Amino acid sequence: LVLAAQSRSAWWTAFCGRYGLSSAEAFREWVRQYAFVYAMNHVAFLILAWRMRVPVSGFLEVFYPQFAARMLGAGALLAIAVYGMTEAYDVLGVFGMAYGDFFLEPQDKKLQYTGVFRYLNNPDCMLGYCGHYGVSLLSGSWFVFFVAVITQIANLVF
């Protein structure tokens, strides 16, 4: 909602301007708010996964092939998510990751197709949610899996 209002009428910049902040300082405040909400979203998902986890029924269950496959799959999905986010950050920086073009004029208007962008145009929408699926595998809960699917669909829709 903030980005929609910012693109229509520079609402966030005007709001911060009432408190004596420049456009660059308004963008820094946006980055702080965006990072906080993004982190709290992930923390809430981790708390959900922890509360809904299916506990191991016994010590010997960790030696079952299904358990090992679940852990390896979860680790691989988490690694893909970390790879996608770090590569996107390396290419875009803070300006691109926090939608800086809504607030400031872009310094470099040339598109870059390096890193993960060689393979996907929007890696955050696809690879960013692999971590959610990995956490759902770790928890062993179908409910957590469905919440991960719903969060990815919501990200694609909005």
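The values are calculated or read from the model by the stated rules, or taken from the named source; none is laboratory data. The structure presented is a predicted model; accordingly, all values stated were derived computationally and were not measured. Cβ coordinates were reconstructed from backbone atoms using ideal geometry, including for glycine residues, and neighbour counts include every protein chain displayed. Protein only, heavy atoms only, side chains kept; ligands, DNA and RNA dropped before computing areas. Shrake-Rupley method; radii C 1.70, N 1.55, O 1.52, S 1.80 Å.
Points worth noting:
- Residues satisfying the stated conditions in the range 111-158, i.e. over 16 Å from the mean Cα position of the chain (by Cα), farther than 14 Å from M85 by Cβ and in contact (Cβ under 8 Å) with a residue 24 or more places away in the chain: L137, L138, S139, G140, S141, F143, V144
- Any hit, the range 7-16, residues being within 30 Å of F146 (Cα to Cα), surrounded by 11 or more Cβ atoms within 10 Å (Cβ to Cβ) and out of contact with any helix residue (DSSP H, G or I) (no Cβ under 7 Å at 6 or more places or on another chain): no
- Of note, V54 satisfies the criterion of being assigned to a loop (DSSP other than H, G, I, E, B) and open to solvent by 70 Å² or more (accessible area, probe 1.4 Å).
- Taken together, the residues in the range 111-158 that are open to solvent by less than 40 Å² (accessible area, probe 1.4 Å) and not in a helix (DSSP H, G or I) amount to 2.
- All of (1) at pLDDT 85 or above; (2) surrounded by 15 or more Cβ atoms within 10 Å (Cβ to Cβ) hold for R32 with one exception: (2).
- The single condition among (1) open to solvent by 40 Å² or more (accessible area, probe 1.4 Å); (2) part of a helix (DSSP H, G or I); (3) farther than 30 Å from L137 by Cα that Y19 does not meet is (2).
- Sole exception among (1) surrounded by fewer than 17 Cβ atoms within 10 Å (Cβ to Cβ); (2) free of Cβ contacts under 8 Å to residues at least 40 places away in the same chain; (3) in contact with a helix residue (DSSP H, G or I) (Cβ under 8 Å, 6 or more places away or on another chain); (4) within 23 Å of G115 (Cβ to Cβ) for G93, by number: (3)
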